[in-house]
Structures are given as C-alpha cells and as structure tokens.
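First comes the structure, then the notes that go with it.
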Amino acid sequence: DFMKQGQGMLLLYTLKNPSFPEYSFSSESGVMCLDFHSDHPNLLAVGFYDGNVAIYNLKKASSQPSYKSSAKSGKHTEPVWQVKWQKDDMDNNSNFFSVSSDGRIVSWTLVKNELVHMDVIKLSADGTTMQGPEGLQLQMFGSGTSFDFHKKIDYLFLVGTEEGKIYKCSKSYSSQFLDVFEAHHMAVDSISWNPFHLKVFISCSSDWTVKIWDHTIKTPMFVYDLGAAVGDVAWSPYSSTVFAAVTIDGQAHVFDLNINKLEPLCTQLVVTRKKNKTTHIQFNPVYPIIIVGDEQGLIVCLKLSPNLRKMPKEKKGQEVKKGPEVEIAKLEKLLSLVREPGSKD
C-alpha cells in the first residue's frame, strides 16, 4: 500500500518447492524491482521504494545486502521502478543501472567494496520550469517508470515515463535524447527490446494498449487495445513474434503475430479474487512456463499449452530451419507489411 509504507521482502523460490522459499530476506523498505546478473547468478540487484538500491550476494549467509546505496552515495529520492545489470566495465567491475520517478537514470558500479554512482541522464518534463513561491523557477523532471538496453548496440537504451513518452537515449550523452516517441496517453508500465530483431521494441501502458515499434520510425507498427490497464508485457525467448501481457483485470494474454496479427491466441483469468490486479509477467528462458505476479503478493506459474508454442510444421523431406536468422526473418516479414512503402532502410 503506497500510503502506508512498510517493510519489504525478497523471496527466492524453486519450482520444485512452490510452498516455501529457498531464501528470504527482509528489508526496511518495500522492494520494487530486481534483476539477476546473467554471468554471476549469485548477484541480485534490487531497487527499493525509498529510492535506495542494493546488491545481495546469495553465496553469503548474511540476511543483509552486501552493498547498498545511501543518502550520501546518490540514492534516488523517489521509488526505483527498475534495475538492470550491464556487462562488466573495462576494469571488470560489475555494474547496473536504475530508473526512478525522480527522473534520474543512474549507473552503479561495484568498485572495491562500495557502490559508486554516476547520473547517466536526467529526464526533463515539457516546459521544464515551473513558477514556484515568490517567483522562484523550479525545474520539473519527467518521471522514469521503465527502461531497457539494446541487446547489441551497447550505448543505446529506451526509457518509458509516467507522462507516456518513450525516450531513446545514449549512455554517452547525458543532457540530450536521440529521439522522443509520443507513445502513450498514460504511464508506460513496461518496455523491452525484441530478443531477436534489433530494431523492434514493445511497450505497454495504463492507457490499455500494447504497442510494437521499429525504433527508426516514430509511429507504432502494431497497436493492441486490451480493454484494461496493461501492467506488464514480455517477449518470449523462443520466438520473435510471441509476447505475453497482463492487465489489471486479472487476465494474461498471449499473442503470436505469426499466427494472428489482430487478436491474442489466449486470454485467461489468472487471479481469482476481485480487486486483485495482475502486475508482472515473465517467461522462463528455457521452459515453456510463464509466471504472473499480482498485487496480493501471489505468484502463479502457468505452463503454455502446445497450441501456444506451435513450431513451424515440417514438410516431408524438408528440414524446418531454426535459429535467430529465421526468427528475425519471420518478424521482418510481418513488419514489411505494415511499414510505409519506401521506408525500407
């Protein structure tokens, strides 16, 4: 409950034992987001409601985080909505980024035994100054809600904001954006690059829509109205055209653009209690499983039925091609149908 802030919990489960967590950590402030390090899976970056970030090392038996930001070391002044690990830097130091409603995107590097911070970008709202008391000019900041880093172009990342805009940013320019997309009418709740196609990203918003974009074009390629605020959206790890979304009316939606460009293949009620909103969805990187989180703190694991993960049919005597090139071509074919003729770059 945002009005009554209390403590937070960080729980780690295995699917072998869903009834009891393998690890549990409690924190003074609510936990808003987390991210496992892909190369060092024992490291978990966490962002808190009070604006702090921390790193937990699961190899250590301590219940406290190994590293934590502080008011002295550049913590955010508003909740941290997302944290994301990046590749280790030139000196092999682990580092991650955080985005917060305070409009700052901050890079945190683990140097020796402390977290060193650097502001990468400050989001400014339109008409950046506001008249304060006694004629003071107050600077207004845009509120970051989500972000994602490009899979191949190391400096490129996207930031979604509470105002519904999406900024295309570079790690090298802190004061200006490469591009701004007037994406949604309400907050951008989640944003992510397609794991296969390097130009494509997806965004979802409280304005009920999911939109798929080509980052070189200012208008969306596909727009889906899901009839309720969309809390989260995720690309599947196995197909460039499959994604899933959750809406706050408790439903999960699975799409495969290759089979149906207009409608979801499946829309299913996941939570049973009224007034309970589904907030997060994530694919398992290996197995055909998705997990959905809700406002009551419950996590539901769902297995995708075979119809939701159809692979191309094998014709007699022909081998079905698989692999990233095939996935890229599949999505490219769909995009070429909706791109304006003449914008083939």
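The values are calculated or read from the model by the stated rules, or taken from the named source; none is laboratory data. Given the structure is predicted, the values throughout are model-derived calculations rather than measurements. When we count neighbours, we look across all protein chains shown, and the Cβ atoms used for this are built from the backbone with ideal geometry, even at glycine. Accessible surface is based on the protein model in full, side chains and every heavy atom, while ligands, DNA and RNA are left aside. Shrake-Rupley method; radii C 1.70, N 1.55, O 1.52, S 1.80 Å.
Taking the criterion of being surrounded by fewer than 20 Cβ atoms within 10 Å (Cβ to Cβ), under 15 Å from the mean Cα position of the chain (by Cα) and on the phi < 0 side of the Ramachandran plot, would at least one residue in segment 236-253 satisfy it?
Yes, segment 236-253 contains at least one residue that is surrounded by fewer than 20 Cβ atoms within 10 Å (Cβ to Cβ), under 15 Å from the mean Cα position of the chain (by Cα) and on the phi < 0 side of the Ramachandran plot.
Any chance you could count how many residues in segment 201-222 are in contact with a helix residue (DSSP H, G or I) (Cβ under 7 Å, 6 or more places away or on another chain) and assigned to a loop (DSSP other than H, G, I, E, B)?
1
Within segment 1-59, count every residue that is of a type in the set (Phe, Trp, Tyr) and within 18 Å of PRO285 (Cβ to Cβ).
2
It is to be established whether one or more residues within segment 36-43 are surrounded by 12 or more Cβ atoms within 10 Å (Cβ to Cβ) and of a type in the set (A, V, I, L, M, F, W, C).
Checked segment 36-43: at least one residue is surrounded by 12 or more Cβ atoms within 10 Å (Cβ to Cβ) and of a type in the set (A, V, I, L, M, F, W, C).
So which of SER63, SER70, SER38 is more than 29 Å from VAL300 (Cβ to Cβ) and of a type in the set (S, T, N, Q)?
That would be SER70, the only listed residue that is more than 29 Å from VAL300 (Cβ to Cβ) and of a type in the set (S, T, N, Q).
Before we move on, is PRO312 more than 20 Å from the chain's Cα centre (by Cα), closer than 20 Å to SER192 by Cα and at pLDDT below 85?
No.
Could you check segment 169-190 and list, in sequence order, the residues that are over 16 Å from ASP102 (Cα atoms), open to solvent by less than 20 Å² (accessible area, probe 1.4 Å) and touching a residue at least 24 places away in the same chain (Cβ under 8 Å)?
Scanning segment 169-190 gives CYS169, PHE181, ALA183, HIS184, SER190.
Report the residue count in segment 223-235 for those that are in a loop (DSSP other than H, G, I, E, B), at negative phi and open to solvent by 20 Å² or more (accessible area, probe 1.4 Å).
Total satisfying the criteria: 1.
Among the listed residues LYS68, LYS72, which satisfies the condition of being open to solvent by 40 Å² or more (accessible area, probe 1.4 Å) and without any contact (Cβ under 8 Å) to a residue 12 or more places away in the chain?
LYS72
Out of segment 7-28, which residues are surrounded by 17 or more Cβ atoms within 10 Å (Cβ to Cβ) and either more than 20 Å from the chain's Cα centre (by Cα) or over 23 Å from SER70 (Cα atoms) (or both)?
GLY8, PHE25, SER27
Which of the residues that make up segment 193-222 are open to solvent by less than 20 Å² (accessible area, probe 1.4 Å) and of a type in the set (Gly, Ala, Ser)?
SER203, SER205
Can you go through ILE153, ILE105 and tell me which one is at pLDDT 80 or above and open to solvent by 40 Å² or more (accessible area, probe 1.4 Å)?
ILE153
Regarding segment 7-17, can at least one residue be identified that is hydrophobic (A, V, I, L, M, F, W, C), touching a residue at least 60 places away in the same chain (Cβ under 8 Å) and over 18 Å from GLN296 (Cα atoms)?
Scanning segment 7-17 turns up at least one residue that is hydrophobic (A, V, I, L, M, F, W, C), touching a residue at least 60 places away in the same chain (Cβ under 8 Å) and over 18 Å from GLN296 (Cα atoms).
Which residues, counting only those in segment 268-307, are open to solvent by 60 Å² or more (accessible area, probe 1.4 Å) and over 21 Å from the mean Cα position of the chain (by Cα)?
Correct list: GLN268, LEU269, THR272, ARG273, LYS274, LYS275, LYS303, PRO306, ASN307.
Restricted to segment 44-65, and to residues that are hydrophobic (A, V, I, L, M, F, W, C) and farther than 16 Å from TRP85 by Cβ, which residue is surrounded by the fewest Cβ atoms within 10 Å (Cβ to Cβ)?
Filtering first and then ranking leaves ALA61.
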